[in-house]
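I have placed the structure first, in the form of structure tokens, so that the comments after it can refer back to it.
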Amino acid sequence: MEVRWLEDFLALARTRHFSRAAEMQHVSQPTFSRRIRLLEESMGSILVNRQTLPLSLTPAGELFLEFCERITRDVRDTKDRIAALEAEASSRISVGSTQGLFSHFYQGWARDAGIAGRLQLNLKATSWVGEQFLDALENGECDLVLCYWHPDLPWGGRLIEDRFEWLVLARESLVPVSVVDEQGHPRFALPGSQEQPVPLIAYHNRGFLQSAIEGHLARQKLTAHLLPLNENTQSASIKALVKQGFGMGWLPKRMTEKSEQFGSLVRAGDKLWDVPLEIRLIRLRDARSDDLITLWKQLEI
């Protein structure tokens with residue numbers, strides 16, 4: 001049974017005339033009459049008394065009329081609610097965030113800034129890597145990008161171009177961590193040696209963080225003897241492997257706080273090995289909506 005059949009029956013109940021009801025429903029009378037017949041067959045009962053002028057409804061038809069009114073009202077109300085939800089969703093500002101920042105920064109920041117209800121996270125962003133976040137801004141896949149930033153990004157020069165603007169929301173650092181040994185010391189500690197290099201769970205070089213580590217070690221003239229065992233784009237994946245004791249890894253400090261508190265992860269090196277980062281919010285200079293400009297000005301204060 002189709003909803004339009006119910007609407008046909010309501011039109012017939014109002015007009016009590018097949019031709020006028022067909023005209024209301026914008027179909028020919030033969031088509032309309034056939035649909036009413038199909039409706040009666042579907043219900044297994046005669047709903048319209050065709051022997052009276054004007055037409056009348058049978059007792060079954062009167063009962064069915066109540067059903068039609070209730071169902072079509074519910075359908076109409078549901079359509080209105082869905083349209084309102086879609087309008088609200090389309091008015092939200094789309095954010096692409098790295099997985100680590102979404103898990104350990106985004107929600108608290110958006111809540112504290114009072115803008116959580118105005119943002120819509122683009123879940124596709126969890127599969128983006130590095131420069132793809134800026135591509136997504138330019139392609140219109142999101143309005144804002146929340147990401148880590150540092151001076152050693154190989155494609156960081158793109159942000160100097162006039163088409164992007166950004167805000168520094170917070171400072172962060174990458175901390176080298178390891179599980180503990182039986183004496184409570186880091187099982188894998190920097191800097192290692194040529195004879196015993198430190199097994200490393202590394203970041204993928206296309207992401208935001210591996211170049212930050214390499215650049216920091218070079219500037220600080222720190223020599224680390226590392227044996228990369230694995231490459232990941234997500235900090236959460238590195239943390240999982242480090243916690244299982246496969247090697248050490250650099251993690252954003254926000255991701256290590258609970259682990260350090262409960263002792264399952266400890267520093268694998270002193271603070272000289274910490275890599276400074278910025279957490280940036282980026283948009284196109286030519287904003288696509290007035291809502292985005294309004295929100296940006298609010299965040300600049």
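The values are calculated or read from the model by the stated rules, or taken from the named source; none is laboratory data. Predicted model, so just to flag it, every value in this text is computed and none were measured. All Cβ positions, glycine included, derive from the backbone under ideal geometry; neighbour counts span all protein chains shown.
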- Query: Conditions: (1) over 21 Å from Ala240 (Cβ atoms); (2) in contact (Cβ under 8 Å) with a residue 24 or more places away in the chain; (3) within 26 Å of the chain's Cα centre (by Cα). Leu174 meets all but one. Number of the miss?
  - Reply: (1)
- Applying the selection to segment 29-55, what residues are without any contact (Cβ under 8 Å) to a residue 12 or more places away in the chain and aliphatic (A, V, I, L, M)? Leu53
- Among (1) assigned to a helix (DSSP H, G or I); (2) surrounded by fewer than 17 Cβ atoms within 10 Å (Cβ to Cβ), the one test that Ala21 misses: (2)
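Considering only residues that are part of a helix (DSSP H, G or I), within 13 Å of Leu6 (Cβ to Cβ) and either of a type outside the set (Phe, Trp, Tyr) or over 45 Å from the mean Cα position of the chain (by Cα) (or both), which ones fall in segment 41-69? So that I can check it myself, show each step before the final result.
Taking segment 41-69 and keeping what is part of a helix (DSSP H, G or I), we get 41-43, 59-69.
Pick out the ones that are also within 13 Å of Leu6 (Cβ to Cβ) and you get 42-43, 61, 64-69.
Those that are part of a helix (DSSP H, G or I), within 13 Å of Leu6 (Cβ to Cβ) and either of a type outside the set (Phe, Trp, Tyr) or over 45 Å from the mean Cα position of the chain (by Cα) (or both): Ser42, Met43, Gly61, Leu65, Glu66, Cys68, Glu69.
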- Considering Asp135, Asp112, which residue is free of Cβ contacts under 8 Å to residues at least 60 places away in the same chain and within 18 Å of Glu165 (Cα to Cα)? Asp135
- For segment 189-196, does any single residue satisfy the condition of being in the same structural domain as His216 (by TED's automatic domain parsing), in contact with a Lys or Arg (Cβ under 7 Å, 6 or more places away or on another chain) and on the phi > 0 side of the Ramachandran plot? no
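Have a look at Leu217, Leu251, Leu265, Leu295 and point out the one that is closer than 23 Å to Trp155 by Cα, in contact (Cβ under 8 Å) with a residue 60 or more places away in the chain and either surrounded by 14 or more Cβ atoms within 10 Å (Cβ to Cβ) or touching a Pro at 6+ places or on another chain (Cβ under 7 Å) (or both).
Working: Leu217 fails: in contact (Cβ under 8 Å) with a residue 60 or more places away in the chain; Leu265 fails: closer than 23 Å to Trp155 by Cα; Leu295 fails: closer than 23 Å to Trp155 by Cα.
The match here is Leu251.
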- Considering every residue within segment 90-101, establish whether at least one is assigned to a helix (DSSP H, G or I), under 24 Å from Thr294 (Cα atoms) and modelled with pLDDT of 90 or more. yes
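Of the residues Ser127, Ser97, which is free of Cβ contacts under 8 Å to residues at least 60 places away in the same chain and out of contact with any Cys (no Cβ under 9 Å at 6 or more places or on another chain)?
Values: Ser97 fails: out of contact with any Cys (no Cβ under 9 Å at 6 or more places or on another chain).
Of Ser127, Ser97, the one residue that is free of Cβ contacts under 8 Å to residues at least 60 places away in the same chain and out of contact with any Cys (no Cβ under 9 Å at 6 or more places or on another chain) is Ser127.
What residue, of Asp112, Asp80, Asp74, is loosely packed, with under 11 Cβ neighbours inside 10 Å, of a type in the set (D, E, K, R), under 30 Å from Arg254 (Cα atoms) and out of contact with any strand residue (DSSP E or B) (no Cβ under 8 Å at 6 or more places or on another chain)? Full working, then the answer.
Values: Asp80 fails: under 30 Å from Arg254 (Cα atoms); Asp74 fails: under 30 Å from Arg254 (Cα atoms).
After ruling out the rest, the residue left standing is Asp112.
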- Meets criteria (free of Cβ contacts under 8 Å to residues at least 24 places away in the same chain and basic (Lys, Arg)) for Lys243: no
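Can you tell which of Pro59, Pro54 is at pLDDT below 90 and farther than 25 Å from Arg76 by Cα? Walk me through it before giving the result.
Details: Pro59 fails: at pLDDT below 90.
Only one candidate qualifies: Pro54.
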